[in-house]
Every structure is written in C-alpha cells, then in structure tokens.
1. For ASP633 and SER64 in one chain, what is 0.36 nm times their gap in residues minus the Cα-Cα distance, to one decimal in nm?
2. Would you kindly state how much longer the chain becomes between ALA143 and GLN252 on full extension, computed as 0.36 nm times their sequence separation minus their alpha carbon distance, in nm to one decimal?
3. How large, in percent, is the carbon and sulfur part of the accessible surface of the range 464-561 at a probe radius of 1.4 Å?
4. Give the shape of the range 8-79 as rounded, prolate or oblate, defined through the alpha-carbon gyration tensor: a ≥ b ≥ c are the square roots of its eigenvalues, a/c under 1.5 means rounded, and otherwise the shape is prolate if a/b is larger than b/c and oblate if not.
5. Restricting to the range 311-493, compute how many DSSP beta bridges are antiparallel as a %, nearest 5.
6. Calculate how many DSSP beta bridges within the chain are antiparallel, expressed in % of all such bridges and rounded to the nearest 5.
7. Using R₀ = 22 Å, calculate the FRET efficiency as 1/(1 + (r/R₀)^6) where r is the Cβ-Cβ separation of VAL515 and MET688; round to 0.05.
8. With an 8 Å cut-off on Cα pairs and a minimum separation of 6 or more residues, tell me the relative contact order of the range 311-493 in percent.
Amino acid sequence: MGEAPHLSVLEGVLERITYANEDNGYTVARVDTGRGSGDLLTVVGALLGAQPGESLRMHGRWGSHPQYGKQFTVENYTTVLPATIQGIRRYLGSGLIKGIGPRIAERIVEHFGTDTLDVIETEPTRLVEVPGLGPKRTKLIAAAWEEQKAIKEVMVFLQGVGVSTSIAVRIYKSYGDGSISVVKNQPYRLASEVWGIGFLTADRLAQAVGIPHDSPERVKAGLQYALSQATDSGNCYLPEERLIADAVKLLQVDIGLVIECLGELADDEGVVRESVPSPDGSGEPIKAVYLVPFHRAEIALAAQVLRLLRGSEDRMPGFQDVAWDKALAWLAERTGADLAPEQQEAVRLALTQKVAVLTGGPGCGKSFTVRSVVALALAKKAKVVLAAPTGRAAKRLAELTGAEASTVHRLLELKPGGDAAYDRDRPLDADLVVVDEASMLDLLLANKLVKAVPPGAHLLFVGDVDQLPSVGAGEVLRDLLAPGGPVPAVRLTRIFRQAQESGVVTNAHRINSGVPPVTQGLADFFLFAEEDSEEAARLTVDVVARRIPARFGLDARRDVQVLTPMHRGPAGAGALNGLLQQAVTPARPDVAERRFGGRTFRVGDKVTQIRNNYDKGANGVFNGTVGVVTGLDVVEQRLTVRTDEDEEIGYDFDELDELSHAYAVTIHRSQGSEYPAVVIPVTTGAWMMLQRNLLYTAVTRAKRLVVLVGSRRAIGQAVRTVSAGRRFTALDHRLDLGAK
C-alpha cells in the first residue's frame, strides 16, 4: 500500500512524552525540530514504542488545537539514527539503552565521535577502550542494543495492528526472533502464553493477519477465554449452557459451530466436561465444563483432605488420651485467661482431628484459640508450621503465637513456573500445620498446600467464612464448612467483653447481621456524609492526608489504607490513587520518577503487584503483595520495591504494568491484610457492587479506626444486599462423595 500523497513529513528529536495511552498507543509528545529557536512542537498520534532521545521521521498532517496551538498528527513514523556528535550524545544519554546514562554516553562519544553508533553496532567489543567501561558492562550494552533493535522490528510490525508498547515488549520477551512468526501464524497462542494479552487483543491481531471469523481455532480460543474469564471471577467451572451462551455472545458466530468446537476441545483434552450436582441445591445434575488445571486441582484437593482425615498414622498421638482438664488449667496459667467452652472445643478438635476448621468473626477469640492450640502443641514437642496467604497476615500470626510464620508461597518454596519444592513426594516436616486467613485460599493454592502436608500431621484452617471469598477461583473455606460435610469445624460466635467496647468490632457484627452501623458517638468509627461522588473522593483524600494524621497521629502512607468497592469511577481506586499520590508523595525535584502509560512511579510510592509472577523474588511475587518504591535507576532502567515481607524486588521499566499504586485498593485486593486505619468511600456510583460481605470485609481490615465517606443510602444498600448466589465449585460435592 503506497503512502497517501497528502501526508506531510516532519523530522525531529523526541524530547519528552507528555501522555501515552498504553492500550491503544495514542501519544502526545514534544519534539525538537532543530530549527534552533529552542521551541518544541507538539505531536500527537501513533508514536507507539518511540523513546525520548530518538530522531524520528514522522508522516502525518498539520493541524491546530484551540488550547495548544499548531500541532502535527502522526499517522506513522520511522526511527532515524542521529548523525551529529551532539545528536548521538543525546540519543545514547536518553536512557534508551540499558546501562548507558548521560555520563557514560559522554565518555563513549568523546572516544569514538561520529563513529559511535557504528562501533556499538558492528564492533561492540571495542567499547572497552572507553575509560571506565569493563568487559561486563560492554557485553550488557551490546546485548541491550541488539534487543532494542529487535524489539523495534516487532514494534513496527505490531504498530499496524494497534498493540501497545508494553505488550510488544512482552511478545518479544516470550518469543524473541520468532515473535513476528507467532503473531502471523498462531496469534491465539498469545492469549494463553503472554500475560497482559487476552483473547480480545489476540483476536484483533488474528483479524489483522487474515484468520477467518469462523475459524475453529478462533472459536476454541474463545471458549477457553470465556472459561478463563469465569475463573478470574472466582468460578472453578461453568455450566455448559452458560459457557455456550457466553461464547456465542463473545464470538458472534453460529451456536452449532460453538457446540461442535466445544466437543472437539473436550476430545483433545483442552477442557473437561463432567456432571455435577446443580449449585442451586435442586438435586438435578448439570454438565460442568472446566479448564484442565482447575478440574485436576478440585479432584486432588478433595482426595488429599479425605486421605489426611482417614489416615491411621498420627504425628501427635499424645493428644488422643490427654487429661483435658489438666491441659486447659496449665494453659490458663500460662496465658492468664480461661478459654470459653466453644474455644475449648476448637482446641481439642485441632489437636485430635487430622483436618479441622475454625471460623468466626472479629472479637470472638479466633486468635487466642490459635495461640492456645500452638502453645499446647509446642509443649508436647510437636513441630508446628504456621502460614497465611499474605505477608501481613503471616507477620500477624507470628506476633500472635511467638512462633515463626511465613506466607504459603514461601513455605512451599514455589519455583519459577509455579511448581512447589514441597509436595506429596517431599512433604513438609510438620506435625501441625495452621493456616490463617483461610478465606483467601483459592483452589490452586489450597491444593498445593494440602498436597505438602505429610500423612499423620494435623491441619487447621482458620478464617472468617463471612468475608469475601478468595480473589482466585474457588470457595475453599466455605466448601470445607459445607453442612454435613466430612471436615469437623467450630464456629466461634460469642463476642468477648473487651471486643464489645470496640466500635469497629460491634459495627462489623451489625453489618454482618444486616443492621446498619452506628456512626455517631464512637471514638473509632466515623461517617463523613457526602452524596456527590467527586466530592466524596476529595473528602477521602483530606481524611487520609490531613485529618487522620492530625487527630490520631497516624502516618498517611504507612498506617492508613483506602479501600474502595470498585476500581472505576470518581471515588474508585484508580482515580483516588492519582489524588492520594499528589497529596502523600507529590512530585519534587529531588525525588526520582518514571512515567509508564498513564501512571507516574516515584520513590516513596505505595504499590501493589497485580499478577502472580513466579520468576521474581525468592519464591515469586503474588497478586496483592504490597510494598514501597525504594529506588529508581534511570540508567539501569530499574525500579526497586521493598515488599511487606521485607524483600527487595527489582522491576525493569518494561515490567511496570505488573505494578499499580496502592494508596487506594479495592476491597477484594485487601483480603488477609490488616491496617491501623481504614477509610472506605461508599458512594451510589458503586451501587451494583455494594454487598454486605464487601462492606463487612472492609471494616474487618481495620485494627483501630474506620472512617466511612459517602452516602448513607449507599451504606444502607450494602448492608441490605446479600451477595447473589455461590460461585460454581464442586469441592463440597467431591468431599461428600468421597466420604460416603
């Protein structure tokens, strides 16, 4: 296709990017056209992948903007290597090539002059001639240059089909020189193999490279995508009819073709079809369709729980014939408090049964019960292993019991790829395993954990079943607690006297039983009423940054957490993060920062990981891990985060889409974490999300203080609305079936 004759050509050096939309590549930038006046020109449009410091030849149209004046709209561009010494110095010093900053660029250009780029391209080993550049740094620079060139090629190809910069980099990192071939010939592979590319992006690519709309390859990929969307929403399977309807809507193809392709997928073991009881309890079986890993995990988890329950071996046999009166009296002497009858039952259960569950709301003594179980086990010289799904919850468990606790991921020593170092063939060395915050355990993680418990060991799940279920697929705690199921359980219901004095605890229980919280006359629970969502957002920022620190002496970044029902909207986590960052970590000349997509990361920022990445850190970094940005190196193009688990994790600049700001997080993402103070904007804008277990979960995250900001009507809606229906899981059915 020839170039349209009416396009103008503009050449210039890209000085800075003022806005970039990572989803569609639309960019607003300033370029220096070298006319010597020092004025920069605004260019807008498809500048996907262009980096500050590069010389660009842009094809496009001249126009005018009412606010910004004359500007150039880019249709496409090519990169031109600079020819002058000044241009080369600027190009190399722009941070474009990893390992070369302004100082090193100066030295290289001083040594090689206008031959610099030729030397890097054809004789990179000569870089050692430059003072201060050793063989190691030289090698890194040469590799970075090659990668940059190869990525550019992939970018140019992908530019035509509208893929964002960060995704082009991911495709290159996954397939290297094979990137263009995969995109052209097997685009649907991207949806399952490259994080950040869903079916919709792969489908757009497939369309661009000419794959037919009704191709079986497309329909099968669409079916698997619909199932993976369902697992992202927490379901382990979808009923077949619902899956077919979802796929027809997504793909806009004939229902017969979808049914045919689903049959082929099942024959090729791409999915598993199985009859399970109807989730509505009607007794009528339904045909469930699973993605393979979730089907395997559900079967394996049920089998392993039953195997532990039934095993004849017992690694703590001393508790079978213990004199409980004496043991509990000894315990009361140690702890200075008597256990309530239901707590005593829970202690006995954990120490005599192989698998048990302890549940209950805040202030009902779960923590004290766990401490008692651990103290008695240790007194009998048992090996006790404590774990929780998040770093914060593990820290709290360690403080509570005085014994070491770790995250489930660290305990199992997950390796790159997600396999655990501990499993059935190499179990943990433990007599008692206690897992706190078990409502957060999703099916895949629970399966890995239970597999690693040795025969004869005791396993105690502790959690609040009324909280939101796990972010990942499954409702493991609820399924283990299913009425009439094989797993023994105790539910603590009595609120202790000290806890009754806490407005946070009493209001959590009020919300859980469908009664609106008391918001007046309490020292630790407040409501700032504001009907308008944008005003509520502004008020939330004021409460976090000014009012709470002034009145309670708490640190806005470390001690206060904003929890929102949803990500979008004026009072959603996305908008609030921008406002809170301005208030808590504003831009300053002495603070390093890096713009990525629509976000700016600064040293001091509170951030959270938004995907499971098994290749980072000692045992992976997981969705929901929170930390603070402690370093930002523009030359090495690397940002460092210290996580809640006190681990330093490095992120290359092209991996920053794995991080999101965490001044405000959704309530779903806050599970298992506890904060001194919690601020919860509850507005009518989040109407569809407002449910009782959502508000209850948010309130129970606070140790000392809750501030609600927003609408009384919205709070009433949340308290009244019981979440609709269960997730699609069959773990309870498999446990029942196996126990019969």
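1. This chain segment gains 201.1 nm when fully extended.
2. Residue separation times 0.36 nm, minus the Cα-Cα distance, leaves 34.8 nm.
3. 48 percent
4. Numbers: a/c = 1.38, a/b = 1.14, b/c = 1.21.
It comes out rounded by the Cα gyration axes.
5. Counting DSSP beta bridges with both partners in the range 311-493, the antiparallel share is about 5 percent.
6. Counting DSSP beta bridges with both partners in the chain, the antiparallel share is about 60 percent.
7. Details: r = 23 Å, r/R0 = 1.03.
The formula returns an efficiency of 0.45 here.
8. This gives 29 percent for the range 311-493.
The values are calculated or read from the model by the stated rules, or taken from the named source; none is laboratory data. Every value quoted in this text rests on a predicted model; they were computed, and no experiment measured them. Using ideal geometry, Cβ is built from the backbone for each residue, glycine included, and neighbour counts are taken over all protein chains shown. Remember, those area values only see protein heavy atoms, side chains included, never the ligands or the DNA or RNA. Shrake-Rupley method; radii C 1.70, N 1.55, O 1.52, S 1.80 Å.
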